[in-house]
Structures are given as structure tokens and as C-alpha cells.
Amino acid sequence: MPKPTTVGTWLEWAKTKIDPADAELIAVRSFAPEDTDRSWLVTHQNYPLPDDLERHFVPANQMVEERAQGKPLAYLLNQRNFYGRDFYITDHVLIPRPESEAIIDLVKTLDLPAQPHIIDLGTGSGCLAITLALEIPQATIVGTDISRDALQTAEVNNNYLEGRVTLVASDLLSNIHPEEHGAFDVIVANLPYVNPAWEWLDFKTLVYEPQLALYPERGTSENGLSAYHRLFDELAEYTKTAPVHNLILEADPCQHEELINLAKSYHWQHHATNGYVLAFQPTNR
């Protein structure tokens, strides 16, 4: 397209290529002052684009082209809102999803001690661990991930949002030792559970997200639950030394019955469901 002279003329073009709401968010990121939201566009359609147009125009066009090809907006803007807070997002982490907010809601319903000890396994961007730290300020929170790149992203969010989360490189509980960390009042985990055989998957979108965080080890379990099989094995060993009082897990609803039966076989009793999220307590509590 010819170089536009105003925000409005650029938006007219962008809205022919992608969803209008996405085009507006890209326009705000590219042309508006910092810390400005989409309402800025209402009174700035005729806002003249800066003299150093190339610095703004070329990246904005690139984002529109990549969005038209299917790249998620969160990766283009490096931002996603979760539980009312904006998190820094890179392509090393899953995009936080609204269904995962139910994990926070379920934890807040639990009868916890005054200073609960909570761990988030597979923390990714840190959105769960940091949100729990901010929603339950008296809690001590640990977040783990196998990916060093994910932990770096979580660290940015932890510093920016002042989450007070201790981040640890660990594959599930492999580097979390009961002698050091002791009992946990809550373990939360949104582990890889996507089954690539599901017919409803949008692979064109999922291809942009880290495959390690989406799919469990291929060929090791039916229906995408192999990571949860490993978790229950490790929990059985961990709790020989230190108790764990609550377990909050996310999985697709089509997996819930199987996951509840798996938990039962390890002496964990299902006691609540909230959308994609299941809550368990040990039967010997």
C-alpha cells in the first residue's frame, strides 16, 4: 500500500487484511504514545503519522501480515491479559488462556493456612504463580519449568509485577526435594495435555506455540495424559517424606473422567470441578 499519512488511513488498509479489533490494537502499539489503550483511536483517526515513518510503518505492516497468516496477536504484541493483569509473552511460552483462570478461582476457595506454601509446575510465563502470589499475598510461591527460555520470560513478569515467586528449573518435581521445600498446601499444574489426534484442533494457530508445552511425550500414554501419569508417580514418592494437601490440575473436559480415575488409583479424591480444572485432595488426609 502507499505510505499512509494518518492513523485512520493506515487502519482502513489494515482492517481489510485482519480482524478490525486486532488492527486497532496493532495501531495503538505502533503509533500511539506509551501506556495508551484503544480509546486513543476515537479522537486520533486524523493523527498525522510521525516524520520517521519507516520506524513505525514497516513493523506495523509486518505485524498485520503475520496476523493475517495466523500468528497469534499475543506473540505479535508480546502481551496477554490474565486475571486482570498484563503479562509479557514470548513464543517460548504458551499464551495464557481464560479457562486457566479457573485454577486461581479454585485455589481461592480452599481452606488454606495463614501462610500457604504453593507450587506451580510448568509455570511458563509465570501467569499462574505470579497471580497466586498477588491474589494471596501471604503465600510463599514456587514456580518451575523445564524450559530455561520460559523461566526467563517468567522472571521478566515476576520482576515487573512484583510477584515474589521463586523460580526453579525443574522437570515436574525432579529438582524439588522434600528435604528442602517441605510440605505444599497446594500444587497447581497446567501440564501438556493436548492430544494431536483430536479432530477439533486448530493446528494453524497451535503451530506458533511451544510444542513442548502443548503435547506430552508422544507414544507414552493414550489421550494426552502421560505428563499427569508422571506427576502422580513423582507425587507418590514426594509425599513419603512431605505431605501435599491439595492438587489443582487443568485438562480438557474430555479427559476428566480418565484423569479422575488416574488420581483415584494414587489415592487422590476428586472434590471440585471448574470448567477445565479439577481439584483433588489425598484420601488419607
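Just from its helices, what would the mean residue ellipticity at 222 nm be for the chain, if runs of 4 or more DSSP H residues each count -39500 (n - 2.57) and the sum is divided by every residue, rounded to the nearest 500 deg cm²/dmol?
It lands at -10500 deg cm²/dmol.
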Output ³J(HN,Hα) for the range 257-270: one whole-Hz value per residue in order, computed from phi by the Karplus curve 6.51 cos²θ - 1.76 cosθ + 1.60 with θ = phi - 60°, and x for Gly and Pro. 4, 5, 5, 5, 5, 4, 4, 4, 5, 9, 6, 10, 9, 6
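Mean separation of Cα pairs under 8 Å and 6+ residues apart, divided by the residue count of the range 1-141: what relative contact order is that in percent?
About 17 percent, as a whole number.
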Two-site FRET efficiency, Asn261 against Asp111, from Cβ-Cβ distance with R₀ of 35 Å, rounded to 0.05: 0.85
Dipole moment magnitude, nearest 20 debye, the range 225-285 about Cα centre, only Lys, Arg, Asp, Glu C-beta charged: 260
Keeping every protein chain present and rolling a 1.4 Å probe, give me the accessible area per residue for the range 130-219 in Å². 49
How far is it, in nm, from the label point at Arg38 to the one at His271 when both lie 7 Å from their Cα along the line to the Cβ? 4.1
Lysine pair number, Cα distance threshold 26 Å (strictly under), the chain, separation 8 or more or different chains: 10
What full-extension length gain, to one decimal in nm, is calculated for Gln45 and Thr5 as 0.36 nm per residue of separation minus the Cα-Cα distance? 13.3 nm
Within the accessible area of the chain (1.4 Å probe), percent carbon and sulfur: 49
Over the range 63-112, with the other protein chains present, what is the accessible area per residue in square angstrom, probe 1.4 angstrom? 45
Determine, for each peptide in 90-102, 199-211, the mean count of other beta carbons within 10 angstrom over its residues, then list the peptides with the highest first. 90-102, 199-211
Counting alpha carbon pairs within less than 8 Å and at least 6 residues apart, what relative contact order, in whole percent, applies to the chain? 14
Measure of exposure for Thr283: accessible area at 1.4 Å probe, Å² rounded to 10, is 80
What ranking do 108-115, 245-252 get when scored by the average of other Cβ atoms within 10 Å per residue, highest first? 245-252, 108-115
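Suppose we keep just the DSSP beta bridges with both residues in the chain; what percent of those would be antiparallel, to 5? Mind showing how you got there, number by number?
Numbers: 15 of 32 bridges.
Roughly 45 percent of the beta bridges in the chain run antiparallel, per DSSP.
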Quick check on packing: order 183-196, 66-79 by the mean number of other C-beta atoms within 10 Å, highest mean leading. 183-196, 66-79
Which distance in nm do the two modelled labels at Gln69 and Asn284 give, with both placed 7 Å along the Cα-to-Cβ direction? 5.5
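The values are calculated or read from the model by the stated rules, or taken from the named source; none is laboratory data. All of these numbers come straight from a predicted model, not from anything done at the bench. Here Cβ is always computed from backbone atoms with ideal geometry, including for glycine, and neighbour counts include all displayed protein chains. Calculation scope for accessible area: heavy atoms of the full protein, side chains included, ligands and nucleic acids excluded. Shrake-Rupley method; radii C 1.70, N 1.55, O 1.52, S 1.80 Å.
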